[in-house]
């Protein structure tokens, strides 16, 4: 994964991000030598969000098939989660 420093970002601005994202999907920004932030373009971010939603849907379907769910009215639900 490609990295830039916070100083490079400060001096070069968004162009430092754009140049690095043309080669990779993600860019790590380091602060004082430690990895602190990840930057990615919106297309890749939306792809990752879609993957998360697909995984959640798959898990919900598996839970339903395994009978891992509760059927209850609203009052019982509120009482159980409170």
* **Check on residue 44, in contact (Cβ under 8 Å) with a residue 12 or more places away in the chain and not in a strand (DSSP E or B)** => yes
* Tell me, yes or no, whether segment 32-40 has at least one residue that is under 22 Å from the mean Cα position of the chain (by Cα) and either touching a residue at least 24 places away in the same chain (Cβ under 8 Å) or in a helix (DSSP H, G or I) (or both). => yes
* **Test: residue 45 is surrounded by 10 or more Cβ atoms within 10 Å (Cβ to Cβ), under 29 Å from residue 6 (Cβ atoms) and modelled with pLDDT of 95 or more** => yes
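The values are calculated or read from the model by the stated rules, or taken from the named source; none is laboratory data. As the structure is a prediction and not an experimental result, all values here were calculated from the model. Because the Cβ atoms are built from the backbone with ideal geometry, glycine has one as well, and the counts that use them run over all protein chains shown.
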